[in-house]
Amino acid sequence: MNDPMSDNTLENKVVLVTGAARRIGAAIVTRLHENGARVAIHYRGSAAEATSLAAKLNEQRADSAMTIQADLLDNAMLAGLIDEVVGWGGSLDGLVNNASTFYPTPLGDITEDAWQDLMGSNLKAPLFLSQAAASQLQTNKGCIVNIVDIHAQRPLRNHPVYGPAKAGLAMLTKSLAKDLAPAVRVNGVSPGAILWPEDGMSDAAQTSILNQVPLQRAGEPGDIADCVLFLMRDARYVTGQIIAVDGGRSIGW
């Protein structure tokens, strides 16, 4: 049986990546584009970065990248987002749920706004966007890749909302894999220490984390992008799986 999304090429396949203007999302977009995909770069507030990335990719291949702005917490926008991508690309073959918010919520200081934001970006949005995209993906025998987190399995201190949200995303990955089979494969990637938080982290904290990593170094966004590429292009008999890209940290720390 031929799986159109796993025939060792992404040539002219249309892939939507959320939160794709910067950091890991931009690395994923770039890697998929390098391997032939046409990419839809979703962003919420990073318009300049998204526009710059799309311009760079379109210089390499005309009309191979587009940008699309949406607040993924607004369910009313999601069907239109998918329609806009399909209107540009002619189809939708892949979805990478990468957009995420991440920050501490110490017990005693948790607000309902923080709950709505963290659960919304990390769990609600992937669910409802996948639902909006399901018909297109089923028609095209497409693929979903969710960006999870190794802390979906082991709690991170002072993150009692973020961790459960990512744990929910891990279960959602398996649930969608079962519910969308056999037409659509659904897998996840769990990053470890790839990029340090944008609001900073002390050298001591970074050293402590790296001491828990068997490979004794941080990863790079390209490591996540390579795994996404594998799951989208090459893993034709893989669904419902979550691959930790963490230098071995999740072996036990």
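The values are calculated or read from the model by the stated rules, or taken from the named source; none is laboratory data. The shown structure was predicted, so the numbers you read here are calculated from the model rather than taken from an experiment. Cβ sites come from the backbone with ideal geometry, for glycine too, and all protein chains shown count toward neighbours. All accessible areas refer to the heavy atoms of the entire protein, side chains included, with ligands and DNA or RNA removed. Shrake-Rupley method; radii C 1.70, N 1.55, O 1.52, S 1.80 Å.
Check off (1) open to solvent by less than 70 Å² (accessible area, probe 1.4 Å); (2) modelled with pLDDT under 85; (3) among the polar types (S, T, N, Q) for residue 190 and give me the number that stays unchecked.
(2)
If only one of 23, 31, 61 is closer than 20 Å to residue 233 by Cβ, in contact (Cβ under 8 Å) with a residue 60 or more places away in the chain, of a type in the set (D, E, K, R) and open to solvent by 40 Å² or more (accessible area, probe 1.4 Å), which one is it?
Answer to the check: 31.
Does residue 26 satisfy the condition of being under 16 Å from residue 225 (Cα atoms) and in contact with a helix residue (DSSP H, G or I) (Cβ under 9 Å, 6 or more places away or on another chain)?
So residue 26 passes the test.
Looking at (1) modelled with pLDDT of 85 or more; (2) within 23 Å of residue 173 (Cα to Cα), which is the one condition that is false for residue 217?
Status for residue 217: all satisfied but (2).
Say whether the condition of being basic (Lys, Arg), surrounded by fewer than 22 Cβ atoms within 10 Å (Cβ to Cβ), in contact with a strand residue (DSSP E or B) (Cβ under 9 Å, 6 or more places away or on another chain) and within 20 Å of residue 10 (Cβ to Cβ) is met by at least one residue in the stretch 131-141.
Checked against the condition, which is being basic (Lys, Arg), surrounded by fewer than 22 Cβ atoms within 10 Å (Cβ to Cβ), in contact with a strand residue (DSSP E or B) (Cβ under 9 Å, 6 or more places away or on another chain) and within 20 Å of residue 10 (Cβ to Cβ), the stretch 131-141 yields at least one hit.
Looking only at helices (runs of 4 or more DSSP H) that lie completely in the stretch 75-167, which have at least 1 residues being touching a Phe, Trp or Tyr at 6+ places or on another chain (Cβ under 8 Å) and within 18 Å of residue 25 (Cβ to Cβ)?
Qualifying helices (runs of 4 or more DSSP H): 78-89, 112-119.
Taking the criterion of being surrounded by 21 or more Cβ atoms within 10 Å (Cβ to Cβ), touching a residue at least 40 places away in the same chain (Cβ under 8 Å) and over 22 Å from residue 193 (Cα atoms), would at least one residue in the stretch 98-109 satisfy it?
No, every residue in the stretch 98-109 fails to be surrounded by 21 or more Cβ atoms within 10 Å (Cβ to Cβ), touching a residue at least 40 places away in the same chain (Cβ under 8 Å) and over 22 Å from residue 193 (Cα atoms).
Identify the residue in the stretch 142-168 that is among the charged types (D, E, K, R) and under 14 Å from the mean Cα position of the chain (by Cα) and, among all such residues, is least open to solvent (accessible area, probe 1.4 Å).
Selected residue: 166.
Would you check which residues across the stretch 34-58 are touching a residue at least 40 places away in the same chain (Cβ under 8 Å) and open to solvent by 80 Å² or more (accessible area, probe 1.4 Å) and list them?
44
Going by the structure shown, is residue 66 part of a strand (DSSP E or B) and open to solvent by 20 Å² or more (accessible area, probe 1.4 Å)?
So residue 66 passes the test.
Within the stretch 17-45, restricting attention to residues that are assigned to a loop (DSSP other than H, G, I, E, B) and hydrophobic (A, V, I, L, M, F, W, C), which residue is farthest from residue 142 (Cα to Cα)?
21
Quick check on my filter: what residues within the stretch 93-113 are more than 16 Å from the chain's Cα centre (by Cα) and either of a type in the set (A, V, I, L, M) or over 28 Å from residue 160 (Cβ atoms) (or both)?
Step one: filter the stretch 93-113 for residues more than 16 Å from the chain's Cα centre (by Cα), giving 103-113.
Selection gives 107, 110.
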